[in-house]
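K.L.:
Pasting a structure below so you can have a look.
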Amino acid sequence: MKTQGFWSPVRAAAVTWGLLAQPLLPAACATPADEPTAIARQVAKEIVHEATLPPRGPGGRPLPLASHWNVGTVRGTFELEHQIGWLQKGHHILPWLAWPDGDPGGERFDAYFGRALRYCAELGLPISFRGTQWNAMLVGKSYREGPASNWAGVIAPDGSRVPRLSPFGPVEPWKACAEAYINTAAMRRVQQLYPHPPLVLLVSNNEPPDLRWAKHGSLERLSRRYLDRYGAGRPDEFKRRVVGEGWVERYRTMFKAMREALAGDTWKKNVRFVGYDAFGPAHLGRWNGWKVYSLVCDRWTSPDWHCWDGGSPSYYTDPWHDKRDDQVFSTQVAAMNWVFMLDEAWEANPRFWFEMSTWDGNEVKPWLQGLAVTNPADLARHSAAGLSAEDRRRLAPEAVKRSKALQYIAEGQTYPPERAAGWVQYGMWLVRPRVVREFRGHATALEPVAPYWMETVKAVDRVYAHAELAEFWRHGTLVPNRAHPHPYDADLPHKFKTIHRWHSLDTHLDPPRPWHLNTPIPVFSLALVRGVSPGRRWLLYAHSPAQDRAAVRITIPGYGDVVVDVPRRGVFCVVEERTGEVRRLATRFSTRRRPERTVSPRDSCPDGALASAHGAGPQPAVQPPGF
């Protein structure tokens, strides 16, 4: 339900963005046979199990999977051979594919879809397809020139047609998306190739041109249909509600038609429609005008979970504004708003599929150029080294605007993969999504960003590799920090004022309050708790974006202080209330499981101190993990 430009004929637009770019696929004489390895077969069982669990059933929260937006249809990107290779090595991947298109009897189609789906079928894996904004076709040229009864876009007060979808237009045209995208030879062929998948995610980019309740002006000035139906002078709360209700009716209609157009009963039963940013506003409360970019009302925080089967909200440090990973205006602070929204979403839709899309805010070409990297494989090394003061002064402003890493480096910081790892893990453990779906542009080469992508894969695998991490992921309760309100507190509706939205724990490095959007946060930390007093156990996670930090004192609410060394990559510790023991989890691992190493306080580093809230006295510091 977002707006980003105007989409002309559907297939031409999809090709432009690489979604249906079959001519870019490598030619092949025959689809190669990919015999799954033993570890792939083992991990496939885990993937299927977790992907098909309910969001919060008796077994707790399902463990996460890694996936991507880059569908590998351009040479040198996240091509299919890499995806199969990661599964063959035992990584917990949710397979992702381009939207089915092209000649289903052709060699290129079989080299991509045939190879992928035969492999997935052999393992019984869930699958996902990256789609465009299916409904954008409804405001294309053919509809603009057709009868008014078939115009799903905006009609202005002067009677002109505006190419933006309208929540007040006719509902029936929304069914046409099924014919254009589902009832096709290519889509029927992929169903034949894999007739019984346990789960099919149809993931929409979800950025059609649409009417906003206030962003582009008042509804009375923009929409004759709204004006005819409701008149002028309605309050903002009313406008947000009726706009949301209009979208719910229309999206439900589209999804119902698309589901029914699928050929097989298994696909109809197991398909889920997932939308990028189809979730509540992470920016809730950040500034006084935040409601303009939301549909919050007395009925809901967001209408998305009333029509979509799932959402993939963005955990993005976009380069075009000041959002970062080391201050109050950050993804970490914003994502804390999602915690309470998840409860609302699952109350409305108990099967709602919640995942998280991540992007470090880097366009790779300017990133490479800014660091004068000639060998793309060296990008991570150069980013970890940073630049001299003289070289920083020479950075091209246009390159810096398109790369968050260059923005950090221009300030004298660095951006190694370890920094990205700590940042991704914080978001993961804050909201515990079904999938962590990294974004890169469709033509982004894999080689320069592979070290960063693999940190996401390792962060997911880590949960499976360590029994205590898996236990806390499934059954832990996120600890609110009631000592402080969430810093995004502007123009909050009354119902949000009593919700504890702040989950970052206090540290001795925190700057004095009050905080502002550009206030630095040296260390982000959170805790999950299990059990009841006096036998509680906490999982503590902390990461330091800008640098490794020694002896950081962190306060766990209801327990007390612990002192840990916090690396950029992050640290996991388990705190035992009954004994006062603090153990860091050894998190260096291969894809094959091995027992964890337990570290007692007496075996830890001798300098530094740990003190419980109960006066346990000095204890050794907890060392950072060997990742």
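K.L.:
Keeping to region 87-108, report how many residues are buried (at least 22 other Cβ atoms within 10 Å of the Cβ) and in a helix (DSSP H, G or I).
P.N.:
1
K.L.:
Looking for whichever is buried (at least 23 other Cβ atoms within 10 Å of the Cβ), on the phi < 0 side of the Ramachandran plot and hydrophobic (A, V, I, L, M, F, W, C) here; the options are 202, 193. Which one fits?
P.N.:
202
K.L.:
Look through region 155-169, keep the residues that are open to solvent by less than 30 Å² (accessible area, probe 1.4 Å) and not hydrophobic (A, V, I, L, M, F, W, C), and return whichever of them is farthest from residue 210 (Cα to Cα).
P.N.:
169
K.L.:
Among the residues of region 399-416, count how many are in a helix (DSSP H, G or I) and either at positive phi or buried (at least 21 other Cβ atoms within 10 Å of the Cβ) (or both).
P.N.:
Summing the residues that are in a helix (DSSP H, G or I) and either at positive phi or buried (at least 21 other Cβ atoms within 10 Å of the Cβ) (or both) in region 399-416 gives 6.
K.L.:
For region 428-444, does any single residue satisfy the condition of being surrounded by fewer than 16 Cβ atoms within 10 Å (Cβ to Cβ) and either in a helix (DSSP H, G or I) or on the phi > 0 side of the Ramachandran plot (or both)?
P.N.:
no
K.L.:
Run down 242, 274, 248 and say which single residue is under 22 Å from residue 138 (Cα atoms) and not in a helix (DSSP H, G or I). Write out each step before concluding.
P.N.:
On the way: 242 fails: not in a helix (DSSP H, G or I); 248 fails: not in a helix (DSSP H, G or I).
The match here is 274.
K.L.:
Just to confirm my filter: which strands (runs of 3 or more DSSP E) fall fully inside region 131-211 and include at least 1 residues that are at pLDDT 95 or above and over 30 Å from residue 67 (Cβ atoms)? Talk me through it step by step, then tell me what you get.
P.N.:
Values: elements: 153-155, 161-165, 200-204.
Qualifying strands (runs of 3 or more DSSP E): 153-155, 161-165.
K.L.:
Let me ask something additional. Considering each residue of region 379-395, count those that are under 20 Å from residue 451 (Cβ atoms) and touching a residue at least 24 places away in the same chain (Cβ under 8 Å), and give that number.
P.N.:
Keep residues of region 379-395 that are under 20 Å from residue 451 (Cβ atoms), which gives 379-387.
When the remaining residues are screened for being touching a residue at least 24 places away in the same chain (Cβ under 8 Å), the result is 379-380, 383-386.
Of the residues in that region, 6 qualify.
K.L.:
Any residue that is of a type outside the set (Phe, Trp, Tyr), closer than 27 Å to residue 437 by Cα and buried (at least 22 other Cβ atoms within 10 Å of the Cβ) - is there at least one of those in region 222-230?
P.N.:
The answer is no; no qualifying residue exists.
K.L.:
Next question. Of (1) modelled with pLDDT of 95 or more; (2) aliphatic (A, V, I, L, M); (3) open to solvent by less than 60 Å² (accessible area, probe 1.4 Å), residue 12 satisfies all except one. Which?
P.N.:
(1)
K.L.:
Follow-up question, since we're still on this one. Out of 398, 344, I need the residue that is without any contact (Cβ under 8 Å) to a residue 60 or more places away in the chain and not aliphatic (A, V, I, L, M). Which one? Spell out the reasoning first.
P.N.:
Working: 344 fails: without any contact (Cβ under 8 Å) to a residue 60 or more places away in the chain.
Going through 398, 344 in turn, the sole match is 398.
K.L.:
Looking at (1) modelled with pLDDT of 95 or more; (2) not in a strand (DSSP E or B), can you tell me which one residue 542 breaks?
P.N.:
Only one criterion is unmet by residue 542, namely (2).
K.L.:
Let me ask you something else. Considering only residues that are surrounded by 17 or more Cβ atoms within 10 Å (Cβ to Cβ) and within 18 Å of residue 249 (Cβ to Cβ), which ones fall in region 137-154?
P.N.:
Correct list: 138, 139, 151, 152, 153, 154.
K.L.:
Please work out which residue is farthest from residue 323 (Cα to Cα), limiting yourself to region 354-366 and to residues that are in contact with a Pro (Cβ under 8 Å, 6 or more places away or on another chain) and open to solvent by 10 Å² or more (accessible area, probe 1.4 Å).
P.N.:
364
K.L.:
Evaluate region 329-338: report whether one residue or more is open to solvent by 20 Å² or more (accessible area, probe 1.4 Å) and either of a type outside the set (Phe, Trp, Tyr) or in contact with a strand residue (DSSP E or B) (Cβ under 7 Å, 6 or more places away or on another chain) (or both).
P.N.:
No.
K.L.:
Oh, and also: Give all pairs with beta carbons closer than 9 Å in which a residue from region 482-504 that is within 18 Å of residue 523 (Cα to Cα) and in contact (Cβ under 8 Å) with a residue 12 or more places away in the chain meets a residue that is small (Gly, Ala, Ser) and loosely packed, with under 14 Cβ neighbours inside 10 Å; count only pairs at least 6 apart in sequence or on separate chains.
P.N.:
Matching pairs, first to second residue: 502/483.
K.L.:
Which count do you get for residues in region 120-158 that are more than 26 Å from residue 201 (Cβ to Cβ) and acidic (Asp, Glu)?
P.N.:
Total satisfying the criteria: 2.
K.L.:
Please tell me if residue 248 is modelled with pLDDT of 95 or more, closer than 19 Å to residue 351 by Cα, open to solvent by less than 40 Å² (accessible area, probe 1.4 Å) and within 25 Å of the chain's Cα centre (by Cα).
P.N.:
Yes; evaluated as a whole, the condition is true for this residue.
K.L.:
Between a residue in region 458-471 that is over 10 Å from residue 425 (Cβ atoms) and modelled with pLDDT of 95 or more and any residue that is open to solvent by 20 Å² or more (accessible area, probe 1.4 Å) and assigned to a helix (DSSP H, G or I), which pairs come within a Cβ distance under 9 Å, given they are 6 or more apart or on different chains?
P.N.:
Sorted first by the residue in region 458-471, then by its partner, the pairs are 464/46.
K.L.:
Can you pull out the residues in region 488-514 that are in a loop (DSSP other than H, G, I, E, B) and open to solvent by 40 Å² or more (accessible area, probe 1.4 Å)? Don't jump to the end; show me each part of the working.
P.N.:
Step one: filter region 488-514 for residues in a loop (DSSP other than H, G, I, E, B), giving 488-493, 497-505, 508-514.
Correct list: 489, 491, 497, 498, 499, 500, 508, 509, 512, 513, 514.
K.L.:
Right, something else. Do we find that residue 520 is open to solvent by 50 Å² or more (accessible area, probe 1.4 Å), closer than 20 Å to residue 427 by Cβ and either touching a residue at least 40 places away in the same chain (Cβ under 8 Å) or among the β-branched types (Val, Ile, Thr) (or both) in this structure?
P.N.:
yes
The values are calculated or read from the model by the stated rules, or taken from the named source; none is laboratory data. Just so we're clear, the structure is a prediction, and the values are computed from it rather than from any experiment. Neighbour counts are summed over all protein chains in view; Cβ atoms, including those assigned to glycine, are modelled from backbone coordinates with ideal geometry. With ligands, DNA and RNA removed, areas are computed over all heavy atoms of the protein, side chains included. Shrake-Rupley method; radii C 1.70, N 1.55, O 1.52, S 1.80 Å.
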